[in-house]
Amino acid sequence: MAGKVFADDILQGKVAFVTGGGTGITGGVARAFAAHGAKLAIVSRKEENLIPQKQYIEENGGECLAIAADVRFYDGIENAIKQAADKFGKIDIVVNGAAGNFLCAADQLSANGFGTVVDIDTKGTFNVCRAAFETLKESKGQILNISATLHYLATPMQIHVSAAKAGVDAITRNLSVEWGLHGIRVNGIAPGPIEDTEGMKRLLMPELKEKTMRKIPAGRFGRIEDVENAALFLVSDAASYINGVTLVVDGGSWLLGTSLT
Ligand code: COA
């Protein structure tokens, strides 16, 4: 969880709805939001990914509602948004972190494999945003979409995720324009190679780690807390005039073609 770079109370009184909020990068973001005063609703397909996170947040004095739902299916997500808004009275912040990933060459990937990742990342992000619109309009809330840098150049074995995240970035820009008019800010974060994640374990073979690190301008892999701090900034009042931006948190990696997430 993020060290105390920001005041403890910057999210006091706020309610955050975080998909993929049980584990990984977005799990860290959820814990950081709770540590800075927000009440949390966390969503994941698998209940076993939610329970330890709920316990952690509650043991540390926070409030956490855990909801098992799949972002690919609108009805379940609409119901999850309703549950969170009913429990806490509103939703101020939506974080779209639920994602799917695996390495696969384009000529080996099935249509269903491609579609599954686009359904989770892109359609899932739209589903959650759309279902949250009315409550975010009321709270003049905001959306934070977790993206990637894979599609800025081209990342072999990642055609499905690259296409999906390019779509997520389009959603960020489009909604920032359409929903900015309602007082809703919509931004994104594109993490680069973050060390302590499931994604990195899946994507980076140990023997490639040293070689990859030499191609990171900042001289180190990212940490989940690097993304937590960027997220805290973007959802805080300090960023109240920032809208439609996807903030790259990668130590400069993509500029040298190191886009692993
Ligand atoms: N390589 C190639 N194709 C793959 C694959 C892999 N490693 N993993 C899944 N697929 C394909 C499947 O073969 C299937 O296509 P098919 O019906 O043509 O065979 C399609 O993707 C759907 O797979 P399935 O396992 O039924 O989907 P799911 O909804 O249960 O799983 C995934 C979703 C695909 C994203 C799965 O990788 C997953 O659950 N990952 C865990 C979460 C995760 O990735 N987190 C992100 C960390 S960055």
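Here are some notes:
- For segment 147-209, GluC sites (Glu not before Pro) meeting the loop criterion (DSSP other than H, G, I, E, B) and having at most 15 other Cβ atoms within 10 Å: E195.
- With all protein chains kept in place, the per residue accessible area of segment 15-253 amounts to 44 square angstrom at a probe of 1.4 angstrom.
- Gaussian network model of the chain, Cα within-10 Å springs - most flexible of F133, F17, F102: F102
- Remark: for residue pairs K82/K165; K54/K87; K14/K137, the C-alpha separation exceeds 18 Å in K82/K165.
- Between 0 and 90°, nearest 10: helix 24-35 axis offset from the chain longest Cα axis: 30 degrees
- Extension gain, N60-R214: 0.36 nm per intervening residue step, less the Cα-Cα distance, totals 51.7 nm.
- Stretchable slack from D237 to M205, in nm (0.36 nm times residue separation minus alpha-carbon distance): 7.5 nm
- Pairwise alpha-carbon distances in the chain exceed 31 Å for 19% of all pairs.
- On Cα atoms only, tilt of 74-88 relative to the major axis of the chain in degrees: 50 degrees
- The listed peptides 19-30, 59-70, 43-54, 223-234, ordered by packing as a protection proxy, come out as 19-30, 223-234, 43-54, 59-70 (highest mean of other Cβ atoms within 10 Å first).
- Rounded to the nearest 0.05, the FRET efficiency derived from the C-beta distance between Q83 and K140 at R0 = 25 Å is 0.70.
- Averaging 1/r across all pairs of distinct Cα atoms in segment 72-184 and inverting the result yields a Kirkwood radius of 14.8 Å.
- Segment 66-89-segment 15-40 distance, computed between alpha-carbon centres (Å): 15 Å
- GNM top mover of A85, A105, A190 - the chain, alpha-carbon springs below 10 Å: A105
- Proximal charge balance of Y152 [Cβ under 11 Å; K/R count +1, D/E count -1]: -1
- Rg ratio (alpha-carbon, reference 2.2 N^0.38 Å) - segment 17-147: 1.05
- Counting 0.36 nm for each residue step from L256 to M157 and taking away their Cα separation leaves a gain of 33.8 nm.
The values are calculated or read from the model by the stated rules, or taken from the named source; none is laboratory data. Given the structure is predicted, the values throughout are model-derived calculations rather than measurements. Cβ sites come from the backbone with ideal geometry, for glycine too, and all protein chains shown count toward neighbours. Keep in mind that these areas ignore ligands, DNA and RNA; they rest on the heavy atoms of the full protein, side chains included. Shrake-Rupley method; radii C 1.70, N 1.55, O 1.52, S 1.80 Å.
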